[in-house]
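Scroll down for the structure; my scribbles are underneath it.
FYI, it's all coordinate maths here, none of it is from the lab. Keep in mind the model is a prediction, meaning the values are calculated, not measured. Counting neighbours? That spans all protein chains shown, and the Cβs are built from the backbone with ideal geometry, glycine included.
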Amino acid sequence: MSYFDSFTQDADPIVSHSAQILEETTTQYGALSKAEYTELTGDLLDYNHVIANVTDIARQQYIYDSFQKMLTIVSTVLSL
């Protein structure tokens with residue numbers, strides 16, 4: 001079981017794809033410095049960039065909420 005399982009199975013392709021990449025990045029965290037991991041995850045979860053082409057307000061909110069939850073996981077990983 002991974003940290004991002006509930007997100008990788010998400011119906012929204014933006015959420016699931018982001019979670020898959022986050023999972024891969026988190027798996028590589030031992031080979032990355034804390035700064036590199038923080039930068040990569042920050043770039044990946046750049047909400048404003050990701051939703052640039054999403055016009056549905058409800059979907060934007062859903063993606064935002066999902067990204068916030070994933071950022072919480074990233075913060076937890078960084079604190080370990």
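Using only helices, what value at 222 nm comes out for the chain when you add -39,500 (n - 2.57) per DSSP H run of length 4 or more and divide by the total residues, to the nearest 500 deg cm²/dmol?
Using -39500 (n - 2.57) per qualifying helix, the result is -22000 deg cm²/dmol.
May I ask you to sort His49, His17 by Cβ crowding, counting other Cβ atoms within 10 Å and putting the fewest first? Show your work: numbers first, answer last.
Numbers: His49 9, His17 15.
Fewest to most other Cβ atoms nearby, the residues stand as His49, His17.
How large is the dipole of the stretch 17-80 about the Cα centre if only Lys and Arg carry +1 and Asp and Glu carry -1, each at its Cβ, rounded to the nearest 20 debye?
The dipole magnitude comes to about 160 debye.
Please rank Leu80, Leu22, Leu44, Leu71, fewest neighbouring Cβ atoms within 10 Å first, as an exposure proxy.
Placing the least packed residue first, the sequence is Leu80, Leu71, Leu44, Leu22.
Quick one: helix 57-79 against the long Cα principal axis of the chain, what's the angle to the nearest 10°, folded into 0 to 90?
10
Sort the following peptides by mean Cβ neighbour count (other Cβ atoms within 10 Å, averaged over residues), highest first: 61-70, 26-35.
Packing proxy ranking, top to bottom: 61-70, 26-35.
May I ask for the equivalent-ellipsoid semi-axes of the chain, computed as the square root of five times each C-alpha gyration tensor eigenvalue and listed largest first in whole Å?
Equivalent ellipsoid of the chain: 22, 13, 10 Å, largest first.
Using a 7 Å offset from the Cα along the Cα-to-Cβ direction at both Ala52 and Gln20, what is the distance between the two label points in nm, to one decimal?
Result: 2.2 nm between the two label points.
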